[in-house]
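**Student:** The following block contains the structure, expressed as structure tokens.
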Amino acid sequence: MTTAAEDTGIVEMNWDPITRIVGSLGIYTKIDFKQKKVVECYSTSSIFRGYSIFMKGKDPRDAHFITSRICGICGDNHATCSVYNQNMAYGVRPPHLAEWIINLGEAAEYMFDHNIFQENLVGVDFCAKMVGETNPGVLELANRTEAPHAGDHGYKYIGDIMRSLNPLEGEFYREALQVSRSTREMFCLMEGRHVHPSTLYPGGVGTTPTVQLFTDYLTRLMRYVEFMKRVVPMHDDLFDFFYEAMPGYEEVGRRRADMVCWGSLNDPEHCDFRYDHMSDWGRKMFVSPGVIRDGQLITNDLVDINLGIRILLGSSYYEDWEDQEMFVSRDPLGNPVDRRHPWNQHTIPRPAKRDFDSKYSWVMSPRWFDGTNYLAADTGGGPIARLWATAQGGLVDFGYVKSTGHSVLINLPRTISRPEVTFEWKIPVDKAGLPLSNAIERDRARTYFQAYAAAAALHFMEKALAEVRAGHTKTWEPFDVPDEANSCGFTEAVRGVLSHHMVIRDGKIANYHPYPPTPWNASVRDSYGTPGPYEDAVQNTPIFEENQPDNFKGIDIMRAVRSFDPCLPCGVHMSLGNGKLLEKIHTPMAAILAT
Amino acid sequence: MATAEQTNDTTQAESAAEPLVHILWMNGGLGCDGDSVALTAATQPSIEEIALGALPGLPKIAVHWPLIDFECGPEQGADNFIEWWHKADRGELDPFVLVVEGSIPNEAIKEEGYWCGFGNNPATGQPMTTSEWLDRLAPKATAILAAGTCATYGGIHAMAGNPTGAMGVPDYLGWEWRSKAGLPIVCVPGCPTHPDNLSETILYLLYQVAGQAPMIPLDEALRPTWLFGATVHEGCDRGGYYEQGEFATEYGSPKCLVKLGCWGPVVKCNVPKRGWINGVGGCPNVGGICIACTMPGFPDKFMPFMDEPPGARVSATASTLYGTVIRTLRGFTAKTADEEPKWRQKGNDLLTGYQKTW
């Protein structure tokens, strides 16, 4: 390898496991140190648990308790999605108050999870200690660059923001850690426990809806709103500085703006959980669903979205299910359902030795079929896709948040020491005016979506309190489990799309396939040879780090990967495979690419 | 988290009078990282208070924790995180506490491939499986802490019909296992573990390693006795309804949830008393049935979760027999709920009921 490096400047660099994410992820690259860019990238993951296998034959009412355990940071998103899925299967519509309580809980999850990930995990990639070790000149520049919004957030220089993000010692780092706790208190008020909720059920919630419950939430929420009025301008200053300090940083983690969002936060006045009404109530969600292709919204119809999902195997440790039973040939509206749709998927593991000529990974590859192409779409870590779909959808307008068709307005009311503020998230474009999906914009969107979630929670709070004040305190509706049903649930996990598909036969689970965001983002080269989003984004990444190979950290690559908010337990519940490329150290890349 | 200079300059720290205790956190089992995430929620004490030595008498520590570690360099460059594990394997870190998160799959039930790994084996270029790490590091660890119900007893991923043959750390190393310092495996169950239950146990172990606390008191399932000595029911503020024979028949009611699937009377857990985070939230105390997630028999012995537990019906119809009912449930517990299903064990056979496809 050393010889190769001397000849060509191309060096293999592997990160396994990557820290400051959830779960175990490996990134395997070849880097051209002469050209300063990544030339090849493969992403891997390292556990197989088999949820879809051990859920078979279980009581459908256990599904949300079980699937919550898929993920240790957004398990409640799974529980929520599973409850939606069960509501459809059982034909039950929860009381409005129950839906407002779930929305308040899920909004708190967004506020918590994005906060801790952004400031305590991603933020470290932008802190003074890190930047000083990777790009000393950039830190020096930051130390003498005044922050444009210093008056809003209190840090005079960009370097001050970076120092405040230093792990443990940084003042803002520690404040954010505390905020991650108060937001989890908000979550626990509504859903009982974090991260696997105790009070969610099909048909509603067990939460006792007292005035005190909502007061306890509201007081914490308003402190968070106050906090976000500092955080949004602070991150704008920090991220804008990176573009200025390192011209061309737009290309780090950049890929075509192919993104998916399944929508989240149902409006109980419209959502009846019936499949035949799903196109309508999907468009009433407080975060709009949408498929974005090359920067343009191509559908926001949840039925279309559902029918377009395909699961490809590529080169994975599974047997195909082409010869297996089809569970659902037509959806309740009579539309044909593909064999590669989650409703019809069979998970048949076949662990094997890695062989780059045949099977070398546990990873499956979810794709969205647009009628012609299998889009290797990403979620951008969640927020950028949600804001993009919502902005272009033009459907959301509830006072605190308004979609304009090209941007999202977030209106935050007066707080204890700050006046009301409006933030506007605009669809990002590069200098040529082309849609821009890259590391910095994924990270920036995360901060804006924290404000969005807080604004939405203010609305839910008003609605919930109105129910309580009117004496409508019922939070659960009884139901019966049918002998047979086909159902689905859609929401947004913190880091992106989440779907659950269930088939009930003889009153038991016959098939259950959850698809969280990480299989979309961390998927590998599929059966058509298309790389997954991490791989694609990293392969296009230029290297700005000043270190040479022997003390190289790979900070630009890590920023690209972390911008997707990797959450590997979500990826691997059915399979993201392990170190498929570990042998590549001894294997010519060409051979791998040929598979 | 690789706090500060401690981790950057191990040699210097080790040569100082005060010993440096390393904490190696392995999240490479079959888990969800929920216990790592829970630890960030702890406030009594918080992780930053432990890491920065904010409590009296704490030894100097260096935490190697994937979730928030500063270090994240490539294998071939600077700050390679996994290098700490290799150092421990080579006997270069002493003392260290090994924290295990996630259940241990049975890698012996198949001819080839792997269920889970954590970094690579430099000798083979293959992934280092979680069980191989345990084999290598267990003899060298001063203490092993199993965090969360997956690591302690197998948990969700070890339920009937699972394909991986997952089990808990005591199933894998043996329930009678002792560290070189004479400590049993310390189990902090919970799905996920209660944040403060975990941080408090870490604190206790650090005091013990520093010679300031006696042997940690554990019960027969290796749980700290002061945290798991009482039942959910004993700490639940809805117990008064139980006593009065007032039982909820619909979720959302403030009354006792036993008829709706709550296993509180037989489950060892302090959550209703402690709340979930800073006293907020919990399970039956806030309207969530107890599904027994701290118990060795979880989840199989308590499913379907939303059905009444055996004996609850008696309590509903004849609440004056309260004491009798509790004793009936307790008897059931002693026999089954506090025991794991039989299939969670080592060996070459998969006993979970799943028909192998390989």
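Here, each number is a calculation from the coordinates, and none is a lab measurement. Note that the coordinates shown come from a computational prediction; the quantities given were computed from them, not determined experimentally. In this analysis, Cβ positions are derived from the backbone assuming ideal geometry, glycine residues included, and neighbour counts consider all displayed protein chains.
**Student:** With the crude spin-label approximation of a point 7 Å out along Cα→Cβ, what separation in nm comes out for residue A:483 versus residue B:351?
**Tutor:** 3.7
**Student:** Another one. Where Lys and Arg each count +1 and Asp and Glu each count -1, what net charge lies around residue A:460 among other residues with Cβ under 12 Å from its Cβ?
**Tutor:** Within the 12 Å Cβ shell, the charges total -4.
**Student:** Can you compute the modelled spin-label distance between residue A:243 and residue A:296, with each label point 7 Å from Cα toward Cβ, in nm?
**Tutor:** Rounded to a tenth, the inter-label distance reads 2.4 nm.
**Student:** What's the percent breakdown of Cα-Cα distances in chain B across 20 Å bins, shortest bin first?
**Tutor:** 29, 54, 16, 1
**Student:** Here's something else I'd like to know. Work out how much length residue A:424 to residue A:551 would gain on full extension: take 0.36 nm times their residue separation and subtract the Cα-Cα distance, in nm to one decimal.
**Tutor:** Extra length available between residue A:424 and residue A:551 comes to 41.7 nm.
**Student:** Restricting things to Cα coordinates, could you compute the convex hull volume per residue of the range A:370-472 in Å³?
**Tutor:** Roughly 157 Å³ of hull volume per residue.
**Student:** Per q in 0.09, 0.13, 0.14 Å⁻¹, report the Debye log10 I(q)/I(0) for the range A:162-303, using one uniform scatterer on each alpha carbon and no solvent.
**Tutor:** -0.49, -0.97, -1.07
**Student:** Find which of B:271, A:150, A:476 sits farthest along the positive direction of the dipole of the protein assembly as shown, computed with +1 on the beta-carbon of Lys and Arg, -1 on that of Asp and Glu, about the Cα centre.
**Tutor:** Of the candidates, A:476 comes out farthest on the positive side.
**Student:** Considering all alpha-carbon pairs of the range B:27-70, what whole percent are spaced by more than 17 angstrom? Before the final figure, lay out each step's value.
**Tutor:** Values: 363 of 946 pairs.
Roughly 38 percent, rounded to a whole number.
**Student:** In addition: Could you tell me the calculated FRET efficiency between residue B:178 and residue B:124, based on Cβ-Cβ distance and R0 = 30 angstrom, to the nearest 0.05?
**Tutor:** According to the calculation, E is roughly 0.50.
**Student:** To continue, here is another question. So if I take the alpha carbon set of the range A:279-358, get Rg, then get Rh from the Kirkwood formula, what is the Rg over Rh ratio? Don't skip to the end; give the middle numbers.
**Tutor:** Working: Rg = 16.5 Å, Rh = 15.2 Å.
Reported Rg/Rh (Cα atoms, Kirkwood Rh): 1.09.
**Student:** Is the shape of the range A:413-558 best called rounded, prolate or oblate, per the rule: a/c under 1.5 gives rounded, else a/b larger than b/c gives prolate, else oblate, with a ≥ b ≥ c the square roots of the Cα gyration tensor eigenvalues?
**Tutor:** Because a/c hits 1.5 or more and a/b fails to exceed b/c, the range A:413-558 counts as oblate.
**Student:** Okay, moving on. Pull out a ≥ b ≥ c, the square roots of the eigenvalues of the alpha-carbon gyration tensor of the range A:1-142, then state rounded if a/c is under 1.5, prolate if not and a/b is larger than b/c, and oblate in the remaining case.
**Tutor:** Because a/c hits 1.5 or more and a/b fails to exceed b/c, the range A:1-142 counts as oblate.
**Student:** Can you list residues from other chains, or at least 5 along the same chain, whose modelled amide H is less than 5 Å from the amide H of residue A:45?
**Tutor:** Result for residue A:45 returns A:26, A:577, A:578, A:579, A:580.
**Student:** Return the FRET efficiency for the residue pair residue B:49, residue A:417: r is the Cβ-Cβ distance, R0 is 22 Å, and the value is rounded to the nearest 0.05.
**Tutor:** For residue B:49 and residue A:417, the calculated efficiency is 0.20.
**Student:** With +1 on the Cβ of every Lys and Arg and -1 on the Cβ of every Asp and Glu, and nothing else charged, how large is the dipole of the protein assembly as shown about its Cα centre, in debye rounded to the nearest 20?
**Tutor:** 1500
**Student:** In whole angstrom, how far apart do the alpha carbon centroids of the range A:123-187 and the range A:522-568 sit?
**Tutor:** Here the two parts' Cα centres lie 24 Å apart.
**Student:** Shifting gears a bit: Give a residue-ordered list of calculated ³J(HN,Hα) values for the range B:213-227 (Karplus: 6.51 cos²θ - 1.76 cosθ + 1.60, θ = phi - 60°; whole Hz; x for Gly, Pro).
**Tutor:** Here the 3J(HN,Hα) series is 9, x, 3, 4, x, 10, 8, 5, 9, 6, 8, x, 5, 6, 9 Hz.
**Student:** Once you put a point 7 Å from the Cα of residue B:111 and another 7 Å from the Cα of residue A:269, both along the Cβ direction, what distance in nm separates them?
**Tutor:** 6.3
**Student:** Ok, one more. Using just the helices of chain B, give the 222 nm mean residue ellipticity in deg cm²/dmol: DSSP H runs with n ≥ 4 each add -39,500 (n - 2.57), and the total is spread over all residues, rounded to 500.
**Tutor:** Details: 15 runs with 98 residues, N = 358.
Helix contribution divided over all residues of chain B: -6500 deg cm²/dmol.
**Student:** To continue, here is another question. Please list 3J(HN,Hα) in residue order for the range A:160-177, calculated via the Karplus relation 6.51 cos²θ - 1.76 cosθ + 1.60 where θ = phi - 60°; whole Hz, with x for glycine and proline.
**Tutor:** 5, 4, 4, 5, 5, 8, 4, x, 6, 6, x, 5, 6, 4, 6, 4, 5, 4
**Student:** Could you sort the peptides A:537-543, B:225-231 by per-residue average Cβ neighbour count (10 Å cutoff), highest mean leading?
**Tutor:** Details: A:537-543: 22.1, B:225-231: 17.7.
Output ranking for A:537-543, B:225-231: A:537-543, B:225-231.
**Student:** Let me ask something else. Provide a whole-number value for the mean count of partner chain Cβ atoms within 10 Å of the Cβ atoms in peptide A:62-75.
**Tutor:** On the way: counts 9, 0, 1, 11, 5, 1, 4, 13, 3, 4, 16, 8, 2, 6.
Other-chain Cβ atoms within 10 Å of each residue's Cβ, averaged: 6.
**Student:** While we're on this one: Among B:239-250, A:296-307, B:288-299, A:370-381, what's the highest-first ranking by average C-beta atoms within 10 angstrom per residue?
**Tutor:** B:288-299, A:370-381, A:296-307, B:239-250
**Student:** Rounded, prolate or oblate: which fits chain A when a ≥ b ≥ c are the square roots of the eigenvalues of the alpha-carbon gyration tensor, with rounded for a/c under 1.5 and prolate only if a/b beats b/c? Before the final figure, lay out the partial values.
**Tutor:** Values: a/c = 1.87, a/b = 1.11, b/c = 1.68.
Since a/c reaches 1.5 but b/c is at least a/b, the shape of chain A is classed as oblate.
**Student:** Okay, next question. Across peptide B:107-120, how many C-beta atoms of other chains are within 10 Å of each residue C-beta, on average?
**Tutor:** For peptide B:107-120, the averaged partner shielding equals 6.
**Student:** Okay, next question. Divide, for the range B:54-191, the radius of gyration over alpha carbons by 2.2 N^0.38 Å, where N is the residue count.
**Tutor:** Working: Rg = 15.7 Å, N = 138, 2.2 N^0.38 = 14.3 Å.
Expressed relative to 2.2 N^0.38 Å, the Cα Rg reads 1.10.
**Student:** Applying 1/(1 + (r/R0)^6) with R0 = 25 Å to the Cβ-Cβ distance of residue A:397 and residue A:432, what FRET efficiency is obtained, to the nearest 0.05?
**Tutor:** Here the calculated transfer efficiency is 0.20.
**Student:** When Cβ neighbours within 10 Å are restricted to other protein chains, what is their mean count per residue of peptide B:167-178?
**Tutor:** 0
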